[in-house]
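Structure first, commentary second.
The values are calculated or read from the model by the stated rules, or taken from the named source; none is laboratory data. Just so we're clear, the structure is a prediction, and the values are computed from it rather than from any experiment. Positions of Cβ are backbone-derived with ideal geometry, glycine not excepted, and every protein chain shown enters the neighbour counts.
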Amino acid sequence: MRRRFGSRPTADKEKRMYLRIRNLCGFLGMILPWLALFSAGIAPHPSDEWWWSISATYYQSPALVAVLVPASIVLISYIGYDDLDNWITTLGGIFGLGIVLFPCKVNWIADGTLVGFFQVPIQISHIVHSACAGAFFLLMALNSIFLFTKTGAGTMSGRKIIRNRIYRICGWSMIALEAAFLAVSLTGAPRYIVMYLEIALLSLFGFAWLVKGEAFPFLNDKVPEHHEPHFYSI
């Protein structure tokens, strides 16, 4: 017998698929800074400042590309609750690819050197890279604050209230960290602070997606027996 769309087996499979996608995105965000720094750390160092930015590891290790490209593709492919959700994740994925396609400027490569997929001068590539990074994290922050916190009809559970608080904390913290990025670029603050800010941003991004992917059972709603699950209601 052909099962109708929306039957329990179909809904269960659909929900597992979306949870897996969310957890993959969160996992990639969480491991990116550590994998990039470790792989660049064991490579020959062209400068003592190689660790001042995770983006700078692009020139020493393939880890940044290997992790950020799949994460960006996941975001582009992600089907959200509505058109706004789809636009934010799709644009976020596009800007994530821009971070990779246009590498940042580093002190051991001279201005005018052609870099990246499109072979543009490094100082121009750096401007595009910074704009893409800022747009990426801003969109992911807005996604966490305004879209992850949506809920279906009815009263929110206590755990959903806690999850919404986590989403908002992650989102607003990401915006605050972006403001700190701007402050570092406009002041004489030590440039290695950028690396700490990047680790914090990626960790907040990854944690929010892991919570959305129900990676932490103690934060998930209890599903009553014989309940018909539907991913749009969580």
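Scan region 182-224 residue by residue and report those that are without any contact (Cβ under 8 Å) to a residue 40 or more places away in the chain and in contact with a Phe, Trp or Tyr (Cβ under 7 Å, 6 or more places away or on another chain).
Once the filter is applied, which keeps residues that are without any contact (Cβ under 8 Å) to a residue 40 or more places away in the chain and in contact with a Phe, Trp or Tyr (Cβ under 7 Å, 6 or more places away or on another chain), region 182-224 yields only L197.
Checking K15 against (1) in a helix (DSSP H, G or I); (2) modelled with pLDDT under 90; (3) surrounded by fewer than 13 Cβ atoms within 10 Å (Cβ to Cβ), which single condition isn't satisfied?
Of the numbered conditions (1) in a helix (DSSP H, G or I); (2) modelled with pLDDT under 90; (3) surrounded by fewer than 13 Cβ atoms within 10 Å (Cβ to Cβ), the odd one out for K15 is (3).
State whether the residues of region 102-109 include one that is assigned to a helix (DSSP H, G or I) and touching a residue at least 24 places away in the same chain (Cβ under 8 Å).
No, region 102-109 has no match at all.
Just to be sure before I move on: is R165 more than 21 Å from the chain's Cα centre (by Cα), more than 29 Å from V69 (Cβ to Cβ) and either of a type outside the set (D, E, K, R) or part of a helix (DSSP H, G or I) (or both) in the structure I sent?
No: the conditions fail for R165.
One line per residue, one yes/no per condition, for (1) surrounded by 13 or more Cβ atoms within 10 Å (Cβ to Cβ); (2) at pLDDT below 95; (3) not hydrophobic (A, V, I, L, M, F, W, C):
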{"position": "K150", "(1), (2), (3)": "yes, yes, yes"}
{"position": "R191", "(1), (2), (3)": "yes, yes, yes"}
{"position": "L204", "(1), (2), (3)": "yes, no, no"}
{"position": "H226", "(1), (2), (3)": "no, yes, yes"}
{"position": "P229", "(1), (2), (3)": "yes, yes, yes"}
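Got at least one residue in region 103-114 being under 20 Å from the mean Cα position of the chain (by Cα), surrounded by 17 or more Cβ atoms within 10 Å (Cβ to Cβ) and under 20 Å from V65 (Cα atoms)?
Yes, region 103-114 contains a residue that is under 20 Å from the mean Cα position of the chain (by Cα), surrounded by 17 or more Cβ atoms within 10 Å (Cβ to Cβ) and under 20 Å from V65 (Cα atoms).
If only one of V100, V69, V74 is among the β-branched types (V, I, T) and under 29 Å from P190 (Cβ atoms), which one is it?
V100
I need every pair where a residue in region 37-66 that is closer than 14 Å to V106 by Cβ and touching a residue at least 24 places away in the same chain (Cβ under 8 Å) has its Cβ under 7 Å from the Cβ of a residue that is assigned to a helix (DSSP H, G or I) and acidic (D, E), sequence separation at least 6 or different chains.
Qualifying pairs under 7 Å: S53/E198; I54/E198.
Of the residues S53, S39, which is hydroxyl-bearing (S, T, Y), out of contact with any strand residue (DSSP E or B) (no Cβ under 8 Å at 6 or more places or on another chain) and under 19 Å from A133 (Cβ atoms)?
Going through S53, S39 in turn, just one is hydroxyl-bearing (S, T, Y), out of contact with any strand residue (DSSP E or B) (no Cβ under 8 Å at 6 or more places or on another chain) and under 19 Å from A133 (Cβ atoms): S53.
Could you check region 206-224 and list, in sequence order, the residues that are crowded, with 17+ Cβ neighbours inside 10 Å and of a type in the set (K, R)?
K212
Given (1) within 22 Å of T57 (Cβ to Cβ); (2) modelled with pLDDT under 95; (3) surrounded by fewer than 17 Cβ atoms within 10 Å (Cβ to Cβ), where does F181 come up short, assuming only one miss?
(3)
Could you tell me which of the residues F5, F38 is among the hydrophobic types (A, V, I, L, M, F, W, C), at pLDDT 95 or above and out of contact with any helix residue (DSSP H, G or I) (no Cβ under 7 Å at 6 or more places or on another chain)?
Matching residue, one of F5, F38: F38.
List every residue pair whose Cβ atoms lie under 6 Å apart, where the two residues are 6 or more positions apart in sequence or sit on different chains, the first residue falls within region 152-181 and is under 18 Å from I199 (Cβ atoms), and the second residue, located anywhere, is hydroxyl-bearing (S, T, Y) and surrounded by 14 or more Cβ atoms within 10 Å (Cβ to Cβ).
C170/S144; G171/S144
If you check W172 against the conditions, is it surrounded by fewer than 17 Cβ atoms within 10 Å (Cβ to Cβ) and either under 18 Å from the mean Cα position of the chain (by Cα) or hydroxyl-bearing (S, T, Y) (or both)?
So W172 passes the test.
Hey, can you tell me all the residues within region 47-66 that are within 15 Å of the chain's Cα centre (by Cα) and farther than 23 Å from R191 by Cβ?
A66
Quickly run through region 53-88 and pick out the residues that are in a loop (DSSP other than H, G, I, E, B), within 14 Å of L35 (Cα to Cα) and either touching a Ser or Thr at 6+ places or on another chain (Cβ under 7 Å) or among the β-branched types (V, I, T) (or both).
The answer is I54, S61.
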